[in-house]
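What follows is a set of notes on a single structure, which appears directly below.
The values are calculated or read from the model by the stated rules, or taken from the named source; none is laboratory data. Since we're looking at a predicted model, the values are computed, not measured. We place every Cβ from the backbone using ideal geometry, glycine too, and count neighbours over all the protein chains shown.
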């Protein structure tokens, strides 16, 4: 009777503590906490890093869909750093000691990051000298290929509210540059960009959606290789500053991913013909500065 009662108590403890059955090596302990937003909803995919007293990274990762962090580390003093999109970073200290239970920090609530002042309403334009439109692709069976477009221009109309803004960017296809002339000539050919028939890439958007903090989603139509598809830029607004001559400028960083098959550039057919090409997915990275249109 007593053994059955103890067995039920042990089973109940394991159900209430899912870490109870986890084997922890001698000299180590479990660091646990749950990451929440200001309305007590879990923050999934928040990045965390546990560092020792000398600043050396011990372990890092992401919270699970329920906002949970579980890390096994040797006994000692540590610094926990947590960051997530649209939230201010968290920094805190934690001690991992020899105890029967995990060293739980309980719930950690992240605060919404303050928003930077937005550009004034009106017409702005991309300042090419301080902007870059680049890409990263993986060469089939080899290392990554980094490139950029050197010739581009863009106009942005900032609305009375940011969600009423619009932008139009034109990129010269022939200005592609991967620092290898033979490869660049091939990318300009009919196998890829076909610059003679499609001399420009164009992006137009009138949908700016605030994602919290200084993060925005900019959704629009990208025309490449004669085909138009909907693309969303993940944009981080970096704020307003002044240039060397005192001019006002604003900066933004944005990324997206393209798939060449969406634009009728069929890499499988080129592989069948023995042509070495870059992979199907291409990551686009942009660092843009805009200035008021003169």
Original post:
For segment 46-61, what are the residues that are surrounded by 12 or more Cβ atoms within 10 Å (Cβ to Cβ), free of Cβ contacts under 8 Å to residues at least 40 places away in the same chain and more than 15 Å from residue 94 (Cβ to Cβ)?
Top reply: 47, 61
Original post:
What do you reckon, is residue 94 surrounded by 14 or more Cβ atoms within 10 Å (Cβ to Cβ), at pLDDT 95 or above and not in a helix (DSSP H, G or I)?
Top reply: no
**OP:** Would you confirm whether any residue within segment 143-166 is touching a strand residue (DSSP E or B) at 6+ places or on another chain (Cβ under 8 Å), surrounded by 15 or more Cβ atoms within 10 Å (Cβ to Cβ) and in a helix (DSSP H, G or I)?
**Re:** yes
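Based on this model, can you work out whether residue 170 counts as part of a strand (DSSP E or B), over 23 Å from the mean Cα position of the chain (by Cα) and in contact (Cβ under 8 Å) with a residue 12 or more places away in the chain? Before you say what the answer is, go through the steps one by one.
Values: part of a strand (DSSP E or B): yes; over 23 Å from the mean Cα position of the chain (by Cα): yes; in contact (Cβ under 8 Å) with a residue 12 or more places away in the chain: yes.
Judged against the criteria, residue 170 is a match.
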**OP:** Please verify whether segment 179-193 includes one or more residues that are more than 17 Å from residue 289 (Cβ to Cβ), modelled with pLDDT under 95, touching a helix residue (DSSP H, G or I) at 6+ places or on another chain (Cβ under 6 Å) and in a strand (DSSP E or B).
**Re:** no
**OP:** Give the residue, chosen from 228, 232, 264, that is over 23 Å from the mean Cα position of the chain (by Cα) and modelled with pLDDT of 85 or more.
**Re:** 228
**OP:** Those residues that are in contact (Cβ under 8 Å) with a residue 24 or more places away in the chain and exposed (fewer than 15 other Cβ atoms within 10 Å of the Cβ), I need them from segment 228-239; list them, please.
**Re:** 229, 239
Original post:
Taking into account only those residues within segment 76-91 that are touching a strand residue (DSSP E or B) at 6+ places or on another chain (Cβ under 6 Å) and not in a strand (DSSP E or B), which is surrounded by the fewest Cβ atoms within 10 Å (Cβ to Cβ)?
Top reply: 89
